[in-house]
Structure formats: structure tokens, C-alpha cells
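The values are calculated or read from the model by the stated rules, or taken from the named source; none is laboratory data. Source: prediction; values computed, not measured. For neighbour counting, all protein chains shown are included, and Cβ atoms are generated from backbone atoms with ideal geometry for every residue, glycine included.
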Amino acid sequence: MKRLNLESSCRNCLYKINLPFRYLTNLESENLSCDKSILFYEKGEKIYREGSYLSGFYCVTEGIVKLYKTGINGKEQIIRFAKAGDIIAYRSVLSSEASCTSAKVIRDVKICFIPSKNLFKFIKTNGNFAIQLIKKACVELGESNDYIMNIAQNSVKKRLIEILIHLKEEFGLDEEGFINIYLTREELANIAGTATESVIRLLSSLKSKKLLYLKGKKIKILNKKKLILEFNF
């Protein structure tokens, strides 16, 4: 991790339009700019660990972060990914509890660390900010509930296909048309809640049907409509 000596005004942040920060006053934004730290993490570094108590939360401005829980025998269960414009770890700060996930960089990250004192001050003094933060937490809770139901009720094949479609919608495509996030087969299995061997077998099957094109960790969806039809087969 490196601390970057950069001047960056939160008032002019490109990502605040989709975050509760857009409801801050100009003075609050300037105070936030003074108090935050801009950090750089390389691929493979951990930003924080499950079970740790955090003194603030993070706003991602570049790169991709993997959020996961560690289960039996050290097996990861990936909860979600955070990209530019996402905030992470704020719920643990709000609840004053140990972090329920670990955060690991899978694409070099530039991230703003915001002390908890700023969060609590804005909640107390800015009602619009507080309401939007609550709404964001509720949306994420709903997504977690959907994820649990998906794991419990859907087949591995359907879960994997939905994951690939979601990743395409979330991260877009690279210059070659591949989904713009490159995950190992083990990571895909950790999202789907299944064995790595099952993911390898399913990807190979979908490739043989010319629904996917695989190039190492890169995956290209060739026919989304036909891929969705595979849900029931």
C-alpha cells in the first residue's frame, strides 16, 4: 500500500453523483477532501481483513476489489466486487462491529480512505446524506437476500450463467469483447458456491455449444439469448 500525495477535491469527484456524497454541502465536501487519504494498492494486496475493526471506510476511484468471507478450510465465498464509484466497509463502521468480509485487490486500485468521524458527523448534521446512506444499505441488503435465495434454489448451471451475465452488465467489455473482469475458475466457483471442477466442466460444455469463447481467464459471451435458454437444460 502506498499513500499518494495528491490533491483531489470531493466537490469535483466524477463518482459522487451515484453516492450519498452528492448531498454534502460545499463546505462538507471541502472538509472531506482535507480529512481523507488517497491510497494505492497493487493486485493481490488486502485492504482489510475479516474480523478487523476499521477506523473508517473506503471509496474506490480506480480498479476492482473482491469482497469475500472465509469459510471452512480457508475456502473463500465471494460476496461481491467493488469498482470505481463504490463505497465499502461503511456498514461495519456504522455498526461499530468487526468487518464481516475481507477486501482484496484483483486489479490495481486507487481508493480514498474516509475516517469514521466524517461519516458520523455527516449523518448527524445532514439529513439527506443520512437518508441516502440508509437507502444504499437497504439496497445492498436486498441484493444479499437475493444472492442467498439464488444459491439455495437454483442449479449450479443457472447460477453460473447468471453470474456471467451480471459480470458483463456490471463491468462491460474490453477492447476484444471479453467481459472486462478476469477471474480464475476457482473465483467463479467461489461466487457460484460450487466446486471448481463443476465450473470447469460447465464452461467447457457452454463453449462446445458455441455460447462462450474462452481465452485463459477471459470469457466472451457469444449468444446471450441462447445462453439464457440453457437455464432449464
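The figures follow:
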item	result
Residue list for segment 36-55, filter: more than 16 Å from residue 110 (Cβ to Cβ) and either among the polar types (S, T, N, Q) or touching a Pro at 6+ places or on another chain (Cβ under 8 Å) (or both)	52, 55
Single residue of 32, 19, 14, 54 found to be within 20 Å of residue 171 (Cβ to Cβ), surrounded by 18 or more Cβ atoms within 10 Å (Cβ to Cβ) and assigned by TED's automatic domain parsing to the domain that holds residue 129	19
Residue identified as out of contact with any strand residue (DSSP E or B) (no Cβ under 6 Å at 6 or more places or on another chain), surrounded by 14 or more Cβ atoms within 10 Å (Cβ to Cβ) and among the hydrophobic types (A, V, I, L, M, F, W, C) among 173, 141, 133	133
Exclusive hit being over 30 Å from residue 198 (Cα atoms) and within 16 Å of the chain's Cα centre (by Cα), set 105, 109	109
Residue in segment 200-211 that is β-branched (Val, Ile, Thr) and crowded, with 18+ Cβ neighbours inside 10 Å present	no
Helices (runs of 4 or more DSSP H) lying entirely in segment 77-188 (those with 3 or more residues that are under 22 Å from residue 43 (Cα atoms))	156-171
Residue in segment 23-30 that is among the aliphatic types (A, V, I, L, M), assigned to a loop (DSSP other than H, G, I, E, B) and out of contact with any strand residue (DSSP E or B) (no Cβ under 8 Å at 6 or more places or on another chain) present	yes
From 223, 145, 180, 154, residue being touching an Asp or Glu at 6+ places or on another chain (Cβ under 7 Å) and either free of Cβ contacts under 8 Å to residues at least 40 places away in the same chain or not small (Gly, Ala, Ser) (or both)	180
Positions within segment 111-160 being in contact with a Phe, Trp or Tyr (Cβ under 6 Å, 6 or more places away or on another chain) and either within 29 Å of residue 227 (Cβ to Cβ) or small (Gly, Ala, Ser) (or both), in sequence order	158
Residues satisfying the stated conditions in segment 4-29, i.e. modelled with pLDDT of 90 or more and either among the polar types (S, T, N, Q) or farther than 28 Å from residue 139 by Cα (or both)	25, 26, 27, 29
